[in-house]
1. Which is the longest stretch in the chain that no exposed loop site breaks, taking sites as GluC sites (Glu not before Pro) with a DSSP loop state and at most 15 other Cβ atoms within 10 Å?
2. Helix 83-94 versus the longest principal axis of the chain: what is the Cα-based angle in degrees, 0 to 90, to the nearest 10?
3. With +1 assigned to the C-beta of every Lys and Arg and -1 to the C-beta of every Asp and Glu, and no other charges, what is the dipole magnitude of the range 3-227 about the Cα centre in debye, to the nearest 20?
4. Between their Cα atoms, which of Lys253/Lys401; Lys35/Lys77; Lys47/Lys201; Lys123/Lys401 are more than 28 Å away from each other?
5. Which loop-located chymotrypsin sites (Phe, Trp or Tyr not before Pro) does the range 226-332 contain, where loop means any DSSP state but H, G, I, E or B and the Cβ has at most 10 other Cβ atoms within 10 Å?
6. Could you work out the helix-only [θ] at 222 nm for the chain, with each DSSP H run of four or more residues adding -39,500 (n - 2.57) and the total divided by the number of residues, to the nearest 500 deg cm²/dmol?
7. When you count, for each residue, the other Cβ atoms within 10 Å and take the mean per peptide, how do 103-110, 397-404, 251-258 rank with the highest first?
8. When we measure straight from the Cα of Lys362, which aspartates and glutamates land under 15 angstrom away, once same-chain ones fewer than 8 places off are left out?
Amino acid sequence: YGYGTHVCGTIVGHKAVDGVAESHGFADGTAKNAKVAFFDIGRRFLKILKLPNQISTVLAAGTAANANLHSASWGSKASAYDSSAAQFDEYAFDNPDHLSLIAAGNSGSGNTANSIGSPATAKNVISVGASHSYGQDLTSSQLSADYMAYFSSRGPTDDGRTKPDIVAPGFSILSAGGLPREVGECDPESIPNGMKPPSGKSAGLTFMAGTSMATPATSGIAALVRQYMEDGWFPSGQANAENAINPSGALVKAILLNGGQNMVGVDNGSGPVFNVQPYDSVVNYGRVSLLHSLPLQGHNDLGAWMTDREEIDDGETDKWTVDITDCNDASEVSATLVWTDPPATSGCRSCVLNNLDLTAEKSGSASAIFPNGLTGPDSINNVERIRVSVEEGDVIAFKVKATNLSTASQRYALIITGCMASEPCVNCQEISSPSTIDQVADGAQSTSRGLRKA
């Protein structure tokens, strides 16, 4: 059964018995109505990969096919920031709409730290770890999707950055399976007897396990985020073409990491559960969850406010003030800052070149709140998240400061979710419209709602 078939099926799989008319199947992809363009890096009859010298050869082919997302279920066992990681970062820096999602690796058995493999060590990608499965893919030997799979690789990277970025089910994933020289295979009407996770296979279906399975699942979710923005679902939670936005890769990343959910621990089978906590190098920003990432009318009661491709000069500070109102689905405000950092040199020991700092201040408190669970600024990572417990009537001020840039300026994406009063302001000017899209340089779109920038 083909590896690439399984991976692609996890993203876009959709049953079509006659190859034309589609219907619901047991192994639908997470973005079953999306389209996929693939680049073959396999060697015929050999279980090895052959990559071009320049990663851009692969990534540019996808861009030419109008694909702004790249899903990579391959990698090395080197936890350094090497030339492959640098090339992924360079492509993202030069193509800000692009976002790559890369498997963290399967070398975490025995709670092995520093086991993440390049190119998942890159800064401007989403590195994906694997949790236990969910629903029909969950076996009696698994606890739940709130537990990490024992094999999922851990950070930190050699230069100290926390990885993986996000986690998704990957212990046993049912997806498309194809046998060479066989025809007529398809998602069956019912699961065949004896075909059970984590390794059962039959007809056009097969189970597989690994961060290579978690990554395409997350890539499909990233595709849904892009469509959500491009179809104008933000900020109301329902489609409105007038609100259409072309999100940067940084914004898509910020949305997914901002909604990440806390996890319980690593299930080591017969061994004890290994405890985890947010922002560590096991689960980091947690398990991916769309319902905690964006408002969806009829499914959640979540406010979302964001700005994209916001440019800040070295030494400047942007301030975003949020007024808290009452709602059912949030007792906290979550803010995530992401910027696409310039590529660093292979083997770097301090790999983030442009340092932005996210802080928060809560009304009634003189103490600053720092990101990523720290007691001071984070100068190591180019993703920073703050979560603040709130009550109705609170005021939260989020600040983004360009502390030390290697370039004259840096663009960033910032998303804030929670229960916030809708008093939108763009560039310090109060407006009466409930939502505003402000055109900025390079045809990009910067959106803010329910925020006051001062």
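Each reported figure results from applying straightforward, stated rules to the coordinates on display, with no laboratory input. Since the model is a prediction, treat every value here as computed from it, not as a measurement. Heads up, the Cβs are rebuilt from the backbone with ideal geometry, glycines too, and the neighbour counts pull from every protein chain shown.
1. Values: sites that count: Glu22, Glu182, Glu189, Glu316, Glu391, Glu392.
The answer is 23-181.
2. With rounding to tens, the tilt is 50 degrees.
3. Dipole magnitude for the range 3-227 comes out near 440 debye.
4. Lys35/Lys77
5. Sites meeting the loop and neighbour criteria: none at all.
6. Details: 5 runs with 62 residues, N = 454.
Here the helix-only value at 222 nm equals -4500 deg cm²/dmol.
7. Values: 103-110: 23.6, 397-404: 18.5, 251-258: 28.0.
My ranking of the peptides, most packed first, is 251-258, 103-110, 397-404.
8. Asp323, Glu332, Glu391, Glu392, Asp394
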